[in-house]
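Working notes, beginning with the structure itself.
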Amino acid sequence: MRSIGELARASGLTVSALRFYDSAGVLVPALVDPVTGYRWYTDDQVAPARLVAGLRRVGMPVAEIARAVRAEPAAVHRLLDAHLRRLEDGLADARRELSRIRTLVDPAEQPMFTRLVLARADLARAIDAVRFAVGDDPALPALAGVLFDVEPDGIRLVATDRHRLAVARVGGRPDGPPVPALAPTGFVDGVRALLDTGEGSTAEAWLTVAGDTISVSVAGRAVEGTALPYQFPDYARLLRPLVGGSPAHRLTVDVAALRAALTSPDAPVVACGHDGVERAVTVLGPDDRGGVRLLGADELTDDPDAFRVGVNGGYLLDALDAAGRAQLVLELDDPVAPLAVRRPDDADSFSVLMPVRL
């Protein structure tokens, strides 16, 4: 047996940290002396303590550290991947903010434009993946476009209408500082048409952001527009909970089968009333093969362990069509949390749907 001081020296954790992780249920001593209250640990607890120390140094939340200590290696790797994405998003946010600060401090030293060379097919796929989620509410002009968010290692396209959000990413190295540009839908549609023209499928697309002007050129042809003068929502903050850990349900979606079920005249729906308005809601639940199925009103019970989530069926169809894959993954946590529709081969392209309270 090792004393708490000996385990602290062996693991790199302080004694106070070991006491904290004991109280949090993360790393519980093998024995606590009932008289002295001294904590004692076995040799087998050295490796978990070192794991806790490492995860603590990279800022992983305590709840995820607790899961990592008890999980199989594959699950730990998923937690590490999710935390790394969260750290990368935070670093990208910091870089963008520092770039804006530098411009405020000394505008003359900053490049007047940012240019990025992208694979034309990749940019086309990214636009297709997010265009459906653009808002059309005149009272919310900041949602009436696609955010072209240039990052240090590529560009992220984002669109939302409050009820759904779509994200896609294209890799590349920008010449100039990271910069966001909220592109109007007319410009986005013009760019998408341009990407279907030109010399061969491997032609490059040149994206340029200069002040409030945004342009894309392909094979000598160009589309230019003026960025919308609105602040797009902080989508990175909205996405962090979705990449912070493993969802409760991760269901495989046969897109053709689910689409057929949703568009069938006999597709089950449940009537739900909110604010005096009754709507037909599509209810999803897991099947017995690790997939997803539609539930009818007669299948909704008061069983707290029976998982189901209500969605707008039309929005779900849009997400399935935009993904452009025969198979997708649906991630669900609880009936009032956002659900994610993901491509199994592309962690950076997905859409998020807000659930409908049943």
For segment 209-217, take each phi angle, set θ = phi - 60°, evaluate the Karplus expression 6.51 cos²θ - 1.76 cosθ + 1.60, and give the result in whole Hz per residue in order, putting x for glycine and proline. 10, 10, x, 9, 9, 10, 9, 9, 10
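In whole percent, what relative contact order does segment 109-188 give with Cα contacts below 8 Å and a gap of six or more residues? Walk me through the numbers on the way to the answer.
On the way: 159 pairs, mean separation 28.8, N = 80.
Once divided by the residue count of segment 109-188, the mean separation gives 36 percent.
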For segment 4-59, restrict the atom set to alpha-carbon positions and state the Rg and Dmax in Å. 10.7, 37
Based on the Cα atoms of the chain, what semi-axes does the equivalent ellipsoid have, where each is the square root of 5 times one gyration tensor eigenvalue, given in whole Å with the largest first? 42, 32, 18
Rotationally averaged projected area of segment 1-99 (alpha carbon convex hull; nm²): 7.2
Under the 0.36 nm per residue contour assumption, what length would be gained going from the current alpha-carbon distance of ARG50 and VAL62 to full extension? 2.9 nm
Percent of accessible area on segment 6-54 owned by carbon and sulfur, 1.4 Å probe? 57
Could you do me a favour and compute the accessible area per residue for segment 171-225, 1.4 Å probe, result in Å²? 49
With +1 on each Lys and Arg Cβ and -1 on each Asp and Glu Cβ, how big is the dipole of the chain about its Cα centre, in debye rounded to the nearest 20? 980
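Enter the accessible area per residue of segment 1-90 (Å², integer; probe 1.4 Å; all protein chains in place). Intermediate results must be reported in sequence, preceding the final value.
Details: 5130 Å² over 90 residues.
On a per-residue basis, 57 Å².
The values are calculated or read from the model by the stated rules, or taken from the named source; none is laboratory data. Only a predicted model underlies this, so the values are computations on that prediction, with no experimental measurement involved. As a convention, Cβ positions derive from the backbone with ideal geometry for all residues, glycine included, and neighbour counts pool all protein chains shown. The accessibility values were calculated without ligands, DNA or RNA, using every heavy atom of the protein model including side chains. Shrake-Rupley method; radii C 1.70, N 1.55, O 1.52, S 1.80 Å.
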